Ligand code: PHE
């Protein structure tokens, strides 16, 4: 083969190769181009190398540098094209202009907190102040002063979380009634939100730690009418105008005692699975403060009367936001929090 014939073949290969590389639009078609051009077995360039011995010895040097130059050019072109294809596919992966913009995730208040704040606002308007008390209590504040008999089952280790002899996690917020009456003279109107603890299993409607809100109003001449009127007003403010009813109940620290129901907020009284077909939902316990409780706290039970109530904001949050299982409130799942308060 003459040098000019060889030159011709090298130029054709360079042109064909450039076209082939240019036309490759995917990593696999580029790989095919590489094999057909440079592949050791049947690539066109190695084939040309095999032609070298057929040239005159004096022309070998020039022919060699020609073919090496084309080899370098093709390798560089393949590398360039690989980079272009890479960049194109990764930019496709990273920028999807049809995707919705990302929203910012801000913190939000827990539904139980929202309910507590709303209840506080309603009672604050009625002249109630917030009073807090310790979560670790003595037996006297938690039970004795509240007129629980010494053999009441609530005093049992089985029901109450004792921290030591005579000290326990309070089982309700009612000890705050006693602490308040010891400290302040009537008229007293307080609202006391806080945590309470019971040895309950953690199931769909019980948690061993739960929020409670206690209310207490004491003065001369306070009657059950005040209790009914205030709690009915509260229910209408909180749920929107709604039916309420009071049922007789029992608590050691109130006499008479009652439980208040509101019309089921889901079926509006016609009966559904959430209200077990009754059309009503219990929201709180209440009653006239027992004279022994007033006396235990150092107030004159002949002169003063008053009423108290206690309710569970988790239960109210479940009614309001239609939450079927109390454990959802403790899961810290932000997707749920967003549904309620986002
Ligand atoms: N302490 C009661 C409970 O935990 C609730 C309650 C408070 C009832 C005040 C009446 C008066 O169930």
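The values are calculated or read from the model by the stated rules, or taken from the named source; none is laboratory data. Everything quoted here is computed from the prediction, not taken from an experiment. Positions of Cβ are backbone-derived with ideal geometry, glycine not excepted, and every protein chain shown enters the neighbour counts.
Against the condition modelled with pLDDT under 95, under 23 Å from residue 194 (Cα atoms), crowded, with 16+ Cβ neighbours inside 10 Å and in contact with a strand residue (DSSP E or B) (Cβ under 7 Å, 6 or more places away or on another chain), how does residue 306 come out, does it pass?
Here the answer is no, as residue 306 does not meet what is asked.
Somewhere in segment 150-164, is a residue in a strand (DSSP E or B) and under 21 Å from residue 315 (Cβ atoms)?
No, every residue in segment 150-164 fails to be in a strand (DSSP E or B) and under 21 Å from residue 315 (Cβ atoms).
All but one of (1) assigned to a loop (DSSP other than H, G, I, E, B); (2) modelled with pLDDT of 95 or more; (3) within 14 Å of the ligand (Cβ to nearest atom) hold for residue 141, so report the exception by its number.
The one condition residue 141 does not meet is (1).
Just the residues that are assigned to a strand (DSSP E or B) and touching a residue at least 40 places away in the same chain (Cβ under 8 Å), please, taken from segment 263-293. Lay out the reasoning, then the answer.
Going residue by residue through segment 263-293, those that are assigned to a strand (DSSP E or B) are 263, 280-289.
Of everything in segment 263-293, those that are assigned to a strand (DSSP E or B) and touching a residue at least 40 places away in the same chain (Cβ under 8 Å) turn out to be 283, 284, 286, 287, 288, 289.
I'd like the residue in segment 101-118 that is outside any loop (DSSP other than H, G, I, E, B) and in contact with a helix residue (DSSP H, G or I) (Cβ under 7 Å, 6 or more places away or on another chain) and, out of all such residues, is farthest from residue 213 (Cα to Cα).
Filtering segment 101-118 for residues that are outside any loop (DSSP other than H, G, I, E, B) and in contact with a helix residue (DSSP H, G or I) (Cβ under 7 Å, 6 or more places away or on another chain), the one farthest from residue 213 (Cα to Cα) comes out as 111.
For residue 242, state whether it is in contact with a strand residue (DSSP E or B) (Cβ under 9 Å, 6 or more places away or on another chain) and either at pLDDT 95 or above or assigned to a helix (DSSP H, G or I) (or both). So that I can check it myself, show each step before the final result.
Working: in contact with a strand residue (DSSP E or B) (Cβ under 9 Å, 6 or more places away or on another chain): yes; either at pLDDT 95 or above or assigned to a helix (DSSP H, G or I) (or both): no.
No; evaluated as a whole, the condition is false for this residue.
For residues that are without any contact (Cβ under 8 Å) to a residue 40 or more places away in the chain and farther than 19 Å from residue 283 by Cα, tally how many sit in segment 170-197.
Of the residues in segment 170-197, 5 are without any contact (Cβ under 8 Å) to a residue 40 or more places away in the chain and farther than 19 Å from residue 283 by Cα.
For residue 324, indicate whether it is within 13 Å of the ligand (Cβ to nearest atom) and more than 21 Å from residue 120 (Cβ to Cβ).
no
Residues being within 23 Å of residue 178 (Cα to Cα) and in contact with a strand residue (DSSP E or B) (Cβ under 8 Å, 6 or more places away or on another chain): count how many of those fall in segment 102-158.
19
For segment 219-239, name all the residues that are surrounded by 15 or more Cβ atoms within 10 Å (Cβ to Cβ) and part of a loop (DSSP other than H, G, I, E, B).
222
If you check residue 245 against the conditions, is it closer than 22 Å to residue 317 by Cβ, out of contact with any helix residue (DSSP H, G or I) (no Cβ under 7 Å at 6 or more places or on another chain), touching a residue at least 24 places away in the same chain (Cβ under 8 Å) and more than 16 Å from the ligand (Cβ to nearest atom)? Lay out the reasoning, then the answer.
Details: closer than 22 Å to residue 317 by Cβ: yes; out of contact with any helix residue (DSSP H, G or I) (no Cβ under 7 Å at 6 or more places or on another chain): yes; touching a residue at least 24 places away in the same chain (Cβ under 8 Å): yes; more than 16 Å from the ligand (Cβ to nearest atom): yes.
Criteria met by residue 245.
Which of the residues that make up segment 178-207 are in a loop (DSSP other than H, G, I, E, B), within 14 Å of the ligand (Cβ to nearest atom) and touching a strand residue (DSSP E or B) at 6+ places or on another chain (Cβ under 9 Å)?
Selection gives 198, 200.
Which condition number in (1) part of a loop (DSSP other than H, G, I, E, B); (2) out of contact with any strand residue (DSSP E or B) (no Cβ under 9 Å at 6 or more places or on another chain); (3) surrounded by 15 or more Cβ atoms within 10 Å (Cβ to Cβ) is the one that residue 320 fails?
Of the numbered conditions (1) part of a loop (DSSP other than H, G, I, E, B); (2) out of contact with any strand residue (DSSP E or B) (no Cβ under 9 Å at 6 or more places or on another chain); (3) surrounded by 15 or more Cβ atoms within 10 Å (Cβ to Cβ), the odd one out for residue 320 is (1).
From the list 175, 252, pick out the single residue that is out of contact with any strand residue (DSSP E or B) (no Cβ under 8 Å at 6 or more places or on another chain) and within 12 Å of the ligand (Cβ to nearest atom).
On the way: 175 fails: out of contact with any strand residue (DSSP E or B) (no Cβ under 8 Å at 6 or more places or on another chain).
So the residue among 175, 252 that is out of contact with any strand residue (DSSP E or B) (no Cβ under 8 Å at 6 or more places or on another chain) and within 12 Å of the ligand (Cβ to nearest atom) is 252.
Return the residue satisfying two criteria in turn: it lies in segment 136-161 and is under 10 Å from residue 175 (Cβ atoms) and out of contact with any helix residue (DSSP H, G or I) (no Cβ under 8 Å at 6 or more places or on another chain), and of such residues it is surrounded by the most Cβ atoms within 10 Å (Cβ to Cβ).
138
Going by the structure shown, is residue 291 within 19 Å of residue 303 (Cβ to Cβ), away from the ligand (no atom under 16 Å from the Cβ) and surrounded by 15 or more Cβ atoms within 10 Å (Cβ to Cβ)? It would help to see each step written out before you state the result.
On the way: within 19 Å of residue 303 (Cβ to Cβ): yes; away from the ligand (no atom under 16 Å from the Cβ): no; surrounded by 15 or more Cβ atoms within 10 Å (Cβ to Cβ): yes.
Here the answer is no, as residue 291 does not meet what is asked.
Being surrounded by 13 or more Cβ atoms within 10 Å (Cβ to Cβ) and outside the structural domain of residue 334 (by TED's automatic domain parsing) narrows it down to one residue among 40, 61, 81; which is it?
Going through 40, 61, 81 in turn, the sole match is 81.
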